[in-house]
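Student: One structure coming up, written as structure tokens, with questions to follow.
The values are calculated or read from the model by the stated rules, or taken from the named source; none is laboratory data. Computed from a predicted structure; not experimentally measured. Protein only, heavy atoms only, side chains kept; ligands, DNA and RNA dropped before computing areas. Shrake-Rupley method; radii C 1.70, N 1.55, O 1.52, S 1.80 Å.
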Amino acid sequence: MKTNIIAAFPGTGKSYLVRNNKLDRKVVDLDSNAYTQGHDSDGNLASEEFPGNYIQAIKKQIDRTDVLLISIHSEVLDALRREQIKFTVVYPEMELKSEYISRFQERQDPSEFIELFNKNWQAILERLQDQKGCKHFVLRSGQHLADLKIS
């Protein structure tokens, strides 16, 4: 089994894709929240074990699932690239900030989470756009992961 690892931006429909899986393939959403233990008021990760604990969890899923949905944390993507683990990054067009902030509000994300993305939108997207050694897919307005042809 070849595992397709997809680092998907928040609000792109990872949970929806798992709940409404019509791919005839095993899809796992490896939510990073349990591994990061959240963020402090400055946006720093609370867990000292992250990203090592999350990378280990990703490795355990390789060859056990067809599609593995993971976070976009730069520490994670850098570690995957160093270990030559192939992945695809999925993120929205830069102009879609208000659409994604609305998505976060609709799913009732914590205000700190929403503010983090509202404040750092451009920097986060530029960092994803600059990722080397991976495939990129940019979502347009109204698009979600379920709209992609995941191979």
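Student: In whole percent, how big is the carbon plus sulfur part of the accessible area of the chain, probe 1.4 Å, protein atoms only?
Tutor: Numbers: 3930 of 8800 Å².
On the chain, the fraction of accessible area on carbon and sulfur atoms equals 45 percent.
Student: Compare Arg64, Arg82 by solvent-accessible area with a 1.4 Å probe and give them largest first, with all protein chains kept in place.
Tutor: Working: Arg64 145, Arg82 170 Å².
Final ranking, largest accessible area leading: Arg82, Arg64.
Student: Would you mind getting the accessible area per residue of the chain, heavy atoms of the protein chains only, 1.4 Å probe, in Å²? Before the final figure, lay out each step's value.
Tutor: Numbers: 8800 Å² over 151 residues.
It amounts to 58 Å² per residue over the chain.
Student: May I pose another question? Subtracting the Cα-Cα distance from 0.36 nm times the residue separation, let me have the gained length for Tyr16 to Gln84 in nm, one decimal.
Tutor: Values: separation 68, 0.36 × 68 = 24.48 nm, distance 2.86 nm.
Using 0.36 nm per residue and subtracting the Cα-Cα distance, I get 21.6 nm.
Student: On to the next question. Would you kindly find the accessible area of Glu126, with a 1.4 Å probe and non-protein molecules such as ligands, DNA and RNA excluded, rounding to the nearest 10 Å²?
Tutor: 80 Å²
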